[in-house]
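The values are calculated or read from the model by the stated rules, or taken from the named source; none is laboratory data. Given the structure is predicted, the values throughout are model-derived calculations rather than measurements. Here the Cβ is made from the backbone with ideal geometry for all residues, glycine too, and neighbour counts use every protein chain on show. Areas reflect the complete protein model, heavy atoms only, side chains present, ligands, DNA and RNA absent. Shrake-Rupley method; radii C 1.70, N 1.55, O 1.52, S 1.80 Å.
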There are 2 protein chains.
Amino acid sequence: MDIQQYMANVGEHARDAARAMARASAGDKNNALMAIAGALREHRDTILAANQGDLARGRDNGLDAALLDRLELTPARFEGMVEGLEQVIALADPVGEITDLNYRPSGIQVGRMRVPLGVIGIIYESRPNVTIDAAALCLKSGNAAILRGGSEAIDSNQAIAACLRQGLAAAGLPETAVQVLETTDRAAVGELITHPEYVDVIVPRGGKGLIERISREARVPVIKHLDGNCHTYIDVDADADKAIKVAYNAKTQRYGTCNTMETLLVHRDIAATVLPELARMYREEGVELRGCERTRALLKDINAATESDWEEEYLAPILAIRIVDDLDQAMDHIHRYSSQHSEAIITENYTRARRFLAEVDSSSVMVNASTRFADGFEYGLGAEIGISTDKLHARGPVGLEGLTSQKWVVLGDGHVRQ
Amino acid sequence: MDIQQYMANVGEHARDAARAMARASAGDKNNALMAIAGALREHRDTILAANQGDLARGRDNGLDAALLDRLELTPARFEGMVEGLEQVIALADPVGEITDLNYRPSGIQVGRMRVPLGVIGIIYESRPNVTIDAAALCLKSGNAAILRGGSEAIDSNQAIAACLRQGLAAAGLPETAVQVLETTDRAAVGELITHPEYVDVIVPRGGKGLIERISREARVPVIKHLDGNCHTYIDVDADADKAIKVAYNAKTQRYGTCNTMETLLVHRDIAATVLPELARMYREEGVELRGCERTRALLKDINAATESDWEEEYLAPILAIRIVDDLDQAMDHIHRYSSQHSEAIITENYTRARRFLAEVDSSSVMVNASTRFADGFEYGLGAEIGISTDKLHARGPVGLEGLTSQKWVVLGDGHVRQ
């Protein structure tokens, strides 16, 4: 296969489809999503069989257990995937919304209209459910999509792709509105991320290695999610019960997520009140604690935290703890080590809460709440294509709105510029 | 000078200054802008003398008249520059605005807070007024800036930079919040656009060549403005008087601007009504007309428009004219040739106006108004750092808001994720 030629062909189909999708009504798009859900249920056994084929090949190729687990579509996961798609139908269509339409002194009315971005390229790893999830969000937001899943999931993804085409055709929308690449050649990724004439934005979903590589090589804008080294700061005026409850939840509710707290900062004058109890609770959960010198003086028998502990996103039952002198020292620590994902302060003090919200430069800043809330569903986006650690365009959880942009609309009555 | 070392040093200063600027109150920022205006007036003669030096060197180096004109700071231009700065003081501070703060089912309140982007790199050509203009917008929006003006304006820009530092210091803000590069080495641009650790976004202001080069080589996001190949479509149901007035204005009000109409599309059944009169008016202004076959059958003695005419941004008194069968053919033409800057329809028909607004994928879409309105001042932005032809982040005229982003704020009362 000539990959350059294949990708140019895919790109041209996507551009044409994007134009049709931008015009599609909310009703047409919802009909397509319903028809896709129907097709998925109808071809459930075919898809699960294709997935078994991927799993068998993966085992033969020596994939590790975690990867095989992510690859597997159980009947329950399959149903969850279709239900996720159906939830997107219920979301409001963002396209066409006009805001801030006001008269200007010249007499023209000027406002902004929300419009699709065009063609979204999504590059992801083994989970086949991303194929449905990403397709649904791109379609609902009026975009065309080019999806490039992991090579280990190629058969599952192609079986799902057939259902996508069937549903799109049933709703009278172009089948090429979602194209799932039929090649596992890595050169296809290189083509996908370097042709702004075909692709408007790339959303990579996967490990840090994948995202760093794509960001480095892309000539198309990337909405990227790098790491989440999140902090909670327990202020001197924290309510001790809230502090313990929130700091416990932020670490232990789930370990492998990007919004999990990785470092706990504690004001020196409240450390003796909250840390011994917290340490007891963490240890009961099997969380390894690593502390600064002052922390180690207070909590016996814990390891010393080194520079690398402040920098690391553990994604594991490990927590670094540092006792600080005041809010400024806490914010300096965050400024230096945070990946600018999500940070929380626990305090009853109005002025320090307000300062923390204003001055901490992370995509989510919180008062008296667990960093685990940093999530598109918790924020009411209805769905999430990813969490952006960039500053431009979209920061933090990205939903349908993040797959759109705003153009200017001007209404006149023969108005001319003087 | 070791350019890499110099730029790393500039970058580190900018990062530090950005943190202070993000915290600065609207009052502090306005005080700095007022102090800068004062310093500029105080050092007016020094700046004009430095500018004379640049001009003399430019003449010796054989710069052409147009470039020398752009480089020159006359007393009137100087006053206009300072007044522009003072207008930025009057603009609302976008930083810290919280919107959509709502309760979620979990009990947390979630909203968005507008925040500066961080460090803005601005690369521009000969006009020294851009130094003030760009500095004012970056400061007001709470960002730090690194400015790289044209080498031919180095003395003017350094004299202005001294006033920037004086004003910042007077307001207690870091002098490094705006750094005007002291080197004319082109390698400095290469460094500026490839270090995301120092710079959050690049705004190039200048010719297409400069912008294409920067976009190609940048590793930092770019808010770019490429060409403006703008269209006006006169629909069959246009009011002929409005059509003539608007189409005349869109071409002749100014020739060298990006929002000037370059191609006029006319419905075949209204062509005989509007084109002869329009042609007479254009010719009176000295506008050269180039037409399709049908246009040439109607207007005698005009040149044939070739494929390259549909593609070109003339920036000159030349207009391409095409007669089309209907709205769809007009929109197909726009889809194929437009640079997606600004397009207008002239019509009294509700449905076609609505379709044009929804379906034309340009940063500004207009009904019964001159494309010349596509401008930050006309749109009420108060000021304009540029006009974006990108889709992500900002489309069309970019004001203070385009130099900011939104982070999420979460307010709880000890809330934890279940």
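Taking only the range B:241-254 into account, find how many residues are open to solvent by 30 Å² or more (accessible area, probe 1.4 Å) and touching a strand residue (DSSP E or B) at 6+ places or on another chain (Cβ under 9 Å). Result for the range B:241-254: 3. Find the strands (runs of 3 or more DSSP E) located wholly in the range A:150-257 whose residues include 3 or more that are within 14 Å of chain B (Cβ to nearest Cβ) and within 20 Å of the chain's Cα centre (by Cα), and list them. Per the criteria, A:201-205. Residue-level check: of (1) in contact with a Ser or Thr (Cβ under 9 Å, 6 or more places away or on another chain); (2) open to solvent by 10 Å² or more (accessible area, probe 1.4 Å), residue A:388 misses just (2). Listed conditions (1) open to solvent by 40 Å² or more (accessible area, probe 1.4 Å); (2) of a type outside the set (Asp, Glu); (3) within 14 Å of chain A (Cβ to nearest Cβ); (4) under 22 Å from the mean Cα position of the chain (by Cα) are all met by residue B:95, apart from (1). Total residues in the range A:368-418 satisfying the condition of being more than 7 Å from every other protein chain (Cβ to nearest Cβ), more than 20 Å from residue A:343 (Cβ to Cβ) and more than 14 Å from the chain's Cα centre (by Cα): the figure is 2.
When you scan the range A:67-86, do you find a residue that is loosely packed, with under 14 Cβ neighbours inside 10 Å and closer than 30 Å to residue A:407 by Cβ, even just one? No - not one qualifying residue is present in the range A:67-86. In summary, residue A:129 fulfils each of the numbered conditions (1) modelled with pLDDT of 95 or more; (2) open to solvent by 30 Å² or more (accessible area, probe 1.4 Å); (3) within 17 Å of the chain's Cα centre (by Cα) with the single exception of condition (1). What do you reckon, is residue A:375 on the phi > 0 side of the Ramachandran plot and charged (D, E, K, R)? Taking the combined requirement at face value, the residue does not satisfy it. Can you name the residue in the range A:338-359 that is under 21 Å from the mean Cα position of the chain (by Cα) and within 10 Å of another protein chain (Cβ to nearest Cβ) and is also nearest to residue B:107 (Cα to Cα) among such residues? Filtering the range A:338-359 for residues that are under 21 Å from the mean Cα position of the chain (by Cα) and within 10 Å of another protein chain (Cβ to nearest Cβ), the one nearest to residue B:107 (Cα to Cα) comes out as A:344.
Quick check on my filter: what residues within the range B:358-393 are among the β-branched types (Val, Ile, Thr) and in contact with a strand residue (DSSP E or B) (Cβ under 6 Å, 6 or more places away or on another chain)?
Narrowing the range B:358-393 to residues among the β-branched types (Val, Ile, Thr): B:360, B:365, B:367, B:371, B:385, B:387, B:389.
Answer for the range B:358-393, where residues must be among the β-branched types (Val, Ile, Thr) and in contact with a strand residue (DSSP E or B) (Cβ under 6 Å, 6 or more places away or on another chain): B:360, B:365, B:367, B:371, B:385, B:387.
In this structure, does residue B:280 turn out to be out of contact with any strand residue (DSSP E or B) (no Cβ under 8 Å at 6 or more places or on another chain), assigned by TED's automatic domain parsing to the domain that holds residue B:195 and either at pLDDT below 95 or not aliphatic (A, V, I, L, M) (or both)? Spelling it out, it is not the case that residue B:280 is out of contact with any strand residue (DSSP E or B) (no Cβ under 8 Å at 6 or more places or on another chain), assigned by TED's automatic domain parsing to the domain that holds residue B:195 and either at pLDDT below 95 or not aliphatic (A, V, I, L, M) (or both).
For the range B:152-175, the set of residues classified as among the polar types (S, T, N, Q) and either within 26 Å of residue B:398 (Cβ to Cβ) or open to solvent by less than 20 Å² (accessible area, probe 1.4 Å) (or both) consists of B:156, B:157, listed by residue number.
Has the range B:288-298 got at least one residue that is open to solvent by less than 50 Å² (accessible area, probe 1.4 Å), within 27 Å of the chain's Cα centre (by Cα) and either modelled with pLDDT under 95 or over 23 Å from residue B:360 (Cβ atoms) (or both)? Looking through the range B:288-298, none of the residues is open to solvent by less than 50 Å² (accessible area, probe 1.4 Å), within 27 Å of the chain's Cα centre (by Cα) and either modelled with pLDDT under 95 or over 23 Å from residue B:360 (Cβ atoms) (or both).
Within this structure, residue A:301 passes the test of being away from chain B (no Cβ under 14 Å), modelled with pLDDT under 95, open to solvent by 30 Å² or more (accessible area, probe 1.4 Å) and more than 25 Å from the chain's Cα centre (by Cα).
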